[in-house]
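Let me begin by presenting the structure, written as C-alpha cells, before commenting on it.
The values are calculated or read from the model by the stated rules, or taken from the named source; none is laboratory data. These numbers come from a predicted model, not from an experiment. A quick note on method: Cβ atoms are made from the backbone with ideal geometry, for glycine too, and the neighbour counts reach across all protein chains shown. Heavy atoms of the whole protein, side chains included, go into the accessibility calculation; ligands, DNA and RNA do not. Shrake-Rupley method; radii C 1.70, N 1.55, O 1.52, S 1.80 Å.
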Amino acid sequence: RRRLPRFLFDYIDGGSYAEVRLRRNVSDLENVELRQRVLTAVDEVDLSTSLFGQTLAMPVALGPIGLGGLTARRGERQAVRAAEAAGVPFCLSTVSACPLEEVTAAASKPFWFQLYMIRDRAFMRDLLARARAANCSALVFTVDMPLPGSRYRDFHSGLAGAPGWRGALRRTLQGMGKPGWAWDVGLHGRPHSIGNLAPVLGGKSGIDDYMGWMKRNFDATSSWKDLDFIRAEWGGPLIIKAILDAEDAREAAKLGEHGLIVSNHGGRQLDGVPSTCRALPPIADAVGDQLTVLADGGIRSGLDVVRMLALGAKGVLLGRAWIYALAARGGTGVSHVLSLIDAEMRVAMTLCGAATIGNIGRDNLVR
Ligand code: FNR
C-alpha cells in the first residue's frame, strides 16, 4: 500500500462486490486445524513433488496475475527468475504486462501460460502458437471469466469506470505520489502495455483501451465443447482453472483433461460461492484419482499450503502472496516469500508427522 499508486494497490488487494469471498478464502483456510503429532521421528522433510511431468522443489506455483508486471520494473521478468531459483513453476497471465517472448528471454526453463476464452478465435489461435513457440510446459485455461465481476474498488480508484482524461489524470497523480514506484516502473519500466494484446490493440496501449477490449472480448457463449478447439491447438498438459463444483470437475475429468484448479479467482468474480478450501474436498473426492487437482485462494503461508494439501490438493497456486511481494521488493521479495513458505511447510510437516508431500492427507486434519 505504501509503495503502489492507489489504483494498482486496490486492483491487487480488492475483490468483487462486498469482498466477502475474498475475506472468507483467507479466514476459512485459517480455521482449518491440523492434527499435531509428536515423537514421530521425522527429522528430514522432503518438499519435492512432481506435477505434469515436472519435478518441483515444492508443490507451489506462482499463479497468473493480470497487469502484475506493472507493480515492479518489468515485473513478470523478475518473478519468473525468482520462481526458477526456487524450483517452482511461474504461470504467465494472458493479460501480463510483459509479452510471452520477453518472459521467455528472461527465463531459462519453460513456464506455464494462462489463457482466457476470447471471442476472437484467430487471436486465441495466435496466442496458443506463441505459447507453443515459447515452449510453455502447461496451459492453464481459466473458465470463470465469461464476463468480469464488478470490483468496486477499481471504480473508486480510477482504474475502471472513468475513461478518458479524468481517469488518466487521477492515475498519473496517484503515481506521482509514490516516487519509488514512479521511478522504478513509471520511468524505467516502460512500455506500460498489456504485452500479449499488442496485436489486437492496434498500437494503443492505454489502460482504457485494455479495459474496453476486455469488455468486448470475453466470451460468455463458450461451453465445454469449445475445449475441443483448445485441445486441437495445444498438445501439452491442459489445466482447467476455476472449478468450484464437483459436477463440473467430473465433466473436466470425462473430457480427459490433465488437471484442474479449484479457484474462485481470489474472490474477484462471483461473491457468493464457497471459499476454495470448502469447495476442494468434494472435488478431490470426485475426481482426484482421474486428474491432478490443484487449488488456490487465501494461501498466505506455508502452513496454508499444507492445509490445502491435507484437504486434497496435489499442489497450490499463490496469487496475492507473490504479487504483494513483487510490488514491495521486486524479485527479491518473491524469493523471500518462497523461502518463508518453504520454511513454514517444514515446520508444519514435521509437527504433523509427514516426511513427504505424499504423506499429507485427510488424516492430518482435526475432524
Ligand atoms: C488474478 N487472478 C487471475 N487469474 C487468471 O486466471 N488470470 C489472470 O489474469 C488473473 N489476474 C489476477 C489479478 C490479480 C490482481 C489477482 C489478485 C488475481 C486470479 C489468481 O490467479 C488466483 O486465482 C487468485 O489470486 C488466488 O487467490 P489469492 O491467493 O490471491 O487469495
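Numbers below:
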quantity: Computed lengthening from Gln290 to Arg190, 0.36 nm per intervening residue step minus Cα-Cα distance; calculated: 31.6 nm
quantity: Between helix 207-217 and the chain: long-axis angle, C-alpha atoms, 0 to 90°, nearest 10; calculated: 70 degrees
quantity: Among Cys91, Leu70, Gly177 - extreme Cα towards positive end, dipole of the chain, charges at beta-carbon; calculated: Gly177
quantity: In Å², nearest 10: area of Ile360 left accessible to a 1.4 Å probe; calculated: 20 Å²
quantity: Using alpha-carbon coordinates, inclination of helix 276-287 to the longest axis of the chain, degrees; calculated: 60 degrees
quantity: The stretch 282-333 versus the stretch 8-62: alpha-carbon centroid distance in Å; calculated: 4 Å
quantity: Share of carbon and sulfur in the accessible heavy-atom surface of the chain [1.4 Å probe, %]; calculated: 53 percent
quantity: Environment charge of Ala57, counting only residues whose C-beta is closer than 13 Å and scoring Lys/Arg +1, Asp/Glu -1; calculated: -1
quantity: Rounded to 10°, Cα long-axis angle of helix 121-133 versus longest principal axis of the chain; calculated: 60 degrees
quantity: Accessible area, probe 1.4 Å, largest first, for residues Arg119, Arg367, Arg153; calculated: Arg367, Arg119, Arg153
quantity: Alpha carbon convex hull of the stretch 110-174, projected area averaged over orientations, nm²; calculated: 6.4 nm²
quantity: Modelled FRET efficiency - R0 30 Å, Asp226 with His156, Cβ distances, 0.05 increments; calculated: 0.30
quantity: Most positive-pole-ward Cα, Leu255, Ser193, Thr292, against dipole of the stretch 192-317 from beta carbon charges; calculated: Ser193
quantity: Environment charge at Val103 (Cβ cut-off 15 Å; Lys +1, Arg +1, Asp -1, Glu -1); calculated: +3
quantity: Distance between modelled label sites at Thr172 and Leu147, nm, 7 Å Cα→Cβ extension; calculated: 3.4 nm
quantity: Per-residue [θ]222 nm for the chain (sum of -39500 (n - 2.57) over DSSP H runs n ≥ 4, rounded to 500); calculated: -12500 deg cm²/dmol
quantity: Cα extents of the stretch 120-277 along the three principal axes, largest first (Å); calculated: 52, 38, 29
quantity: Potential lengthening between Trp165 and Ala41 on full extension [0.36 nm per residue; Cα-Cα distance subtracted]; calculated: 38.2 nm
quantity: Per-q log10 I(q)/I(0), the chain, q = 0.07, 0.08, 0.13, 0.14 Å⁻¹ (Debye; single scatterer per alpha-carbon; no solvent); calculated: -0.28, -0.37, -1.03, -1.21
quantity: Centroid-to-centroid separation of the stretch 79-109 and the stretch 192-210 [C-alpha atoms, Å]; calculated: 20 Å
quantity: All lysines inside 24 Å of Lys314 as judged from Cα atoms, apart from same-chain residues fewer than 8 positions distant; calculated: Lys109, Lys241, Lys254
